[in-house]
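Notes follow the structure.
The values are calculated or read from the model by the stated rules, or taken from the named source; none is laboratory data. In this text, all values refer to a predicted model and were calculated from it rather than measured experimentally. Positions of Cβ are backbone-derived with ideal geometry, glycine not excepted, and every protein chain shown enters the neighbour counts. What goes into the accessible areas is simple: the full protein's heavy atoms, side chains included, and nothing from ligands, DNA or RNA. Shrake-Rupley method; radii C 1.70, N 1.55, O 1.52, S 1.80 Å.
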There are 2 protein chains.
Amino acid sequence: MKIDPVPAFEPPYVMAVFSNVRTPDETGFPDTEARMVEIVSKNPGLLGYESARTPGGLGITVAYFRDHESLAAWRKDTEHQAAMKHGRAHWYESYTLHVGTVERSHGHVRNA
Amino acid sequence: MKIDPVPAFEPPYVMAVFSNVRTPDETGFPDTEARMVEIVSKNPGLLGYESARTPGGLGITVAYFRDHESLAAWRKDTEHQAAMKHGRAHWYESYTLHVGTVERSHGHVRNA
C-alpha cells in the first residue's frame, strides 16, 4: 500500500493535531478505530487525515476539515464522544489536542 | 526514554505540520537531523516539537512556535534552507507542510 501525505488545500482550513501515547490496553481499540474512520469519513467537511506512530512511542494523527463547523460536528458525534471517554480511561496514557486554522501550506513530490 | 506529547500552550500559538514519506537514501540524514534540532532548539520562540514515524510509512513532525516571527526565523535559517533543498532532492519522496494558528488546545494525562 502506498501511503501519501495529505496534500495541501486552499487556505483557510482547519487542522486538529492529536498526539498521544497509548497504554498497553488494546481491548476494543482496533474495532473502535475502524468505526471512527467510518464515521468521520462521512463528514462532508473532512478534507483528509493522516496518522503515524513510532513503535512503542508517540502517535500523531492529524485531521483536516474545511471549517470549524465540520470539526464541531465530528467532536459532537455521540459515538465519537463515547470513544473519547473510553480512550481517556483505557487507551491513552497521555494526549494533547491542538486545533487551529491553516493559513498556508504547500506540498512537494520528488521527480514529479 | 519516556516520550510525552508536547503539552497544550496558551493560545494563540503557531504550529507547523510536516508530513512526509522518506526515500531509502539515509546519506547524511541523521547528522543533518541532529543539527536541525540543535539550531531550532536555540530559537527563543520554539515551544516544542514532536515526531512520529510508522516504519516504512508516513512520518509526521509538528513544531510549535510562540508566533509567526519565530517560525519565520527558523524557515530563513541558512543551514535549514540548505537542508530543505537537499531533502527535496534526496531524502523525501513527498511531503506536505501545513502552517496555522492554534486557537484551542488541551491535554490529558491518565490517572494524574
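Quick look at the numbers
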| read-out | value |
| --- | --- |
| Subset of the range A:45-84 (residues that are part of a loop (DSSP other than H, G, I, E, B), surrounded by fewer than 20 Cβ atoms within 10 Å (Cβ to Cβ) and of a type outside the set (Gly, Ala, Ser)) | A:THR54, A:PRO55, A:ARG66, A:ASP67, A:ASP77 |
| The range A:5-21, residues that are part of a strand (DSSP E or B) and either within 7 Å of chain B (Cβ to nearest Cβ) or open to solvent by 40 Å² or more (accessible area, probe 1.4 Å) (or both) | A:MET15, A:VAL17, A:PHE18, A:SER19, A:ASN20, A:VAL21 |
| The listed residue being open to solvent by 50 Å² or more (accessible area, probe 1.4 Å), at pLDDT 95 or above, more than 19 Å from B:VAL6 (Cα to Cα) and not in a helix (DSSP H, G or I), out of B:THR27, B:THR96 | B:THR27 |
| Extreme residue, farthest from the chain's Cα centre (by Cα), among residues of the range A:69-111 that are more than 22 Å from B:HIS108 (Cα to Cα) and more than 8 Å from every other protein chain (Cβ to nearest Cβ) | A:ASN111 |
